[in-house]
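Trainee: Below is one structure. I have some questions about it.
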Amino acid sequence: MTALDVLAPTDRSAAARESARADRSGWSVGDPPDAVVRPTTVAEVQAVVRWAADHQVPLVPRGAGTGLTGGASATAGQVVLDLSALDAIESVDPDARIAVVQPGVIVADLDRAAAAHGLRYAPDPGSVAIASIGGTIATNAGGLRCARHGGTREAVVGLDVVLADGSLLRTGTSGPRSVTGYDLTSLFVGSEGTLGIVVRATVRLQPQPVATATVAALFADVAAAARAVRTVTAAGPVPPTLELLDHATLAAVDPVLAADGGAFLLVQTEGPGALAEATDLAGLLRGTALRVDVTDDPARSERLIETRRGALPAVQRLGRVLIEDVSVPRTALAEALTGIAAISDATGVRVFTFAHAGEGVIHPLVLTDDGEVTPRVQEAVDAVVALALRLGGTLTGEHGIGALKRRWLSDELDPVARTTLHRIKDALDPAGVLNPGKAI
Ligand SMILES: Cc1cc2nc3c(=O)[nH]c(=O)nc-3n(C[C@H](O)[C@H](O)[C@H](O)COP(=O)(O)OP(=O)(O)OC[C@H]3O[C@@H](n4cnc5c(N)ncnc54)[C@H](O)[C@@H]3O)c2cc1C
């Protein structure tokens with residue numbers, strides 16, 4: 001084991017091992033990992049991966065540790081490969097509208113670097129200020145602007161990936177389009193550190209919108225808000241941001257607003273016609289909403305977006321929650337949200353729900369019993385997942401499978417699909433050293 005220390009900076013302190021034991025889901029199992037290795041160059045990553053393969057030591061890649069499914073959680077007998085020191089923005093090319101970044105770059109820092117050129121990085125997870133580019137690529141993170149601009153996969157042009165044997169794979173092309181070979185870039189996006197280590201990414205940037213406008217609407221209940229989502233999406237192109245908060249979530253984030261209504265919808269439009277589009281949408285919503293406000297003041301818009309971003313931390317302050325992340329077809333959103341409320345009533349378990357409604361991604365936060373996952377809490381979670389699958393949805397809209405969602409994989413994927421995933425894993429990581437027990 002000592003040889004690892006000469007390959008890259010290695011921390012075996014109790015504090016470092018303890019902090020790498022869990023991600024933001026809080027999930028961990030057993031004792032902390034044996035060591036945290038923090039390479040500063042791609043060559044060091046390659047050397048560490050080769051060492052792990054030679055010694056059959058499982059490696060758990062870690063970006064910023066903000067994941068919500070235990071994907072970066074590590075335990076005894078494993079070594080954590082912390083990519084946070086590879087944090088250079090290597091280039092921003094305003095003409096080609098691409099940036100080349102190392103995996104430890106925080107998403108908001110890339111966005112700020114792009115802003116200096118009048119550009120932006122479109123993927124905008126709620127964790128934009130704390131999540132790393134490598135982690136968001138490994139989980140194919142979604143976010144608040146995905147309904148129109150796509151998620152992380154749509155923003156990634158090419159990757160440098162250290163494979164399980166230590167070799168360096170380059171995927172993608174510098175041109176706008178290519179169909180040479182299999183789409184390896186897409187294969188690694190969302191692979192949760194199980195197929196290779198992302199050590200560099202070439203990502204798309206896009207022009208910042210000339211204007212934005214925001215509609216904030218309050219409804220009597222979550223069903224009315226969900227129906228309003230359909231009204232908005234039926235009216236024309238899906239707005240970049242279309243976020244929904246149920247009453248319990250709203251009460252946790254903004255008790256004053258929650259006193260006046262039962263659910264909150266936030267719509268953001270952008271481009272030269274942003275205000276006119278927002279005003280039109282507000283007109284449509286006035287038919288069923290209790291209250292509708294429109295603003296094109298950037299500061300007020302940002303405050304409203306912050307209300308939405310604050311949802312998860314606000315609920316987490318109330319106690320330990322299980323963070324679910326199902327997704328359903330947009331047309332089934334109302335049925336899903338009312339079904340989740342019914343599950344909460346039937347089990348007596350408090351569920352706080354918010355949604356990237358434009359994409360049908362729903363986050364039901366299931367409150368544990370004083371931190372314990374009791375049978376009734378588990379029953380509520382199982383029922384939420386079963387509901388989403390019954391409505392034609394999926395186990396995870398954006399957080400990934402990690403360790404926590406594997407138990408439902410067979411409910412969604414048939415044996416052929418699961419076997420195919422394992423064949424890909426076996427082909428790329430025959431010794432099973434990269435993030436074992438996660439994702440598939
Ligand atoms: C307040 C809050 C809000 C959030 N909002 C959103 C949201 O809106 N949308 C969303 O999708 N998620 C959201 N998340 C979840 C989380 O931020 C994302 O999953 C994010 O992509 C994780 O990035 P990270 O750098 O923290 O990765 P980590 O948690 O460190 O790792 C995540 C996974 O990626 C792997 N990994 C990390 N880096 C690499 C690498 N370089 N190469 C290979 N594998 C790697 C890890 O092994 C692990 O499997 C939120 C989390 C919080 C706490």
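The values are calculated or read from the model by the stated rules, or taken from the named source; none is laboratory data. All figures in this text were calculated on a predicted structure; none of them were measured in a lab. For neighbour counting, all protein chains shown are included, and Cβ atoms are generated from backbone atoms with ideal geometry for every residue, glycine included.
Trainee: Hey, residue 297 hits all of (1) modelled with pLDDT under 95; (2) under 17 Å from residue 144 (Cβ atoms) but one; which does it fall short on?
Mentor: Going through the list (1) modelled with pLDDT under 95; (2) under 17 Å from residue 144 (Cβ atoms), residue 297 breaks only (2).
Trainee: Select the helices (runs of 4 or more DSSP H) contained entirely in the stretch 180-282, then report the ones holding at least 2 residues which are among the small types (Gly, Ala, Ser) and either touching a Gly at 6+ places or on another chain (Cβ under 8 Å) or touching a residue at least 40 places away in the same chain (Cβ under 8 Å) (or both).
Mentor: 222-234, 247-253
Trainee: Need the failing condition index for residue 360 against (1) in contact with a Pro (Cβ under 7 Å, 6 or more places away or on another chain); (2) closer than 24 Å to residue 254 by Cα; (3) in contact (Cβ under 8 Å) with a residue 60 or more places away in the chain, just the number.
Mentor: Only one criterion in (1) in contact with a Pro (Cβ under 7 Å, 6 or more places away or on another chain); (2) closer than 24 Å to residue 254 by Cα; (3) in contact (Cβ under 8 Å) with a residue 60 or more places away in the chain is unmet by residue 360, namely (3).
Trainee: Can you say whether residue 110 is within 16 Å of the ligand (Cβ to nearest atom), of a type in the set (A, V, I, L, M, F, W, C), buried (at least 21 other Cβ atoms within 10 Å of the Cβ) and not in a helix (DSSP H, G or I), as far as the supplied structure shows?
Mentor: Judged against the criteria, residue 110 is not a match.
Trainee: Can you find a residue that is over 30 Å from residue 390 (Cβ atoms) and not hydroxyl-bearing (Ser, Thr, Tyr) anywhere in the stretch 315-335?
Mentor: yes
Trainee: In addition: Condition first: among the hydroxyl-bearing types (Ser, Thr, Tyr) and not assigned by TED's automatic domain parsing to the domain that holds residue 365. Can you find one or more residues in the stretch 319-330 that meet it?
Mentor: no
Trainee: Another one. So which of 164, 213, 201 is more than 20 Å from the chain's Cα centre (by Cα), buried (at least 22 other Cβ atoms within 10 Å of the Cβ) and either within 13 Å of the ligand (Cβ to nearest atom) or among the acidic types (Asp, Glu) (or both)?
Mentor: Testing whether each residue is more than 20 Å from the chain's Cα centre (by Cα), buried (at least 22 other Cβ atoms within 10 Å of the Cβ) and either within 13 Å of the ligand (Cβ to nearest atom) or among the acidic types (Asp, Glu) (or both) leaves just 164.
Trainee: Please specify each residue of the stretch 113-131 satisfying the condition of being over 19 Å from residue 396 (Cβ atoms) and within 7 Å of the ligand (Cβ to nearest atom).
Mentor: 130
Trainee: Still on this model: Conditions first: (1) under 16 Å from residue 155 (Cα atoms); (2) touching a residue at least 40 places away in the same chain (Cβ under 8 Å); (3) touching an Asp or Glu at 6+ places or on another chain (Cβ under 6 Å). Residue 135 passes all but one, so which condition is the exception?
Mentor: (3)
Trainee: Among the listed residues 26, 70, which satisfies the condition of being buried (at least 22 other Cβ atoms within 10 Å of the Cβ), closer than 30 Å to residue 408 by Cα and within 12 Å of the ligand (Cβ to nearest atom)?
Mentor: 70
Trainee: Just for the stretch 34-67: of the residues that are of a type in the set (S, T, N, Q) and over 24 Å from residue 131 (Cβ atoms), which one is farthest from the ligand (Cβ to nearest atom)?
Mentor: The residue in question is 56.
Trainee: Given the structure, is residue 152 within 16 Å of the ligand (Cβ to nearest atom), touching a Pro at 6+ places or on another chain (Cβ under 6 Å) and either more than 21 Å from residue 243 (Cα to Cα) or not assigned by TED's automatic domain parsing to the domain that holds residue 285 (or both)?
Mentor: Yes: the conditions hold for residue 152.
For (1) more than 17 Å from residue 7 (Cβ to Cβ); (2) buried (at least 22 other Cβ atoms within 10 Å of the Cβ); (3) touching a residue at least 60 places away in the same chain (Cβ under 8 Å), each residue gets a yes or a no:
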{"site": "30", "(1), (2), (3)": "yes, no, no"}
{"site": "49", "(1), (2), (3)": "no, yes, yes"}
{"site": "64", "(1), (2), (3)": "yes, yes, yes"}
{"site": "81", "(1), (2), (3)": "no, yes, yes"}
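Trainee: For the stretch 116-172, give me every one of the helices (runs of 4 or more DSSP H) that falls completely inside it and has 1 or more residues that are touching a His at 6+ places or on another chain (Cβ under 7 Å).
Mentor: The helices (runs of 4 or more DSSP H) meeting that bar are 133-139, 146-149.
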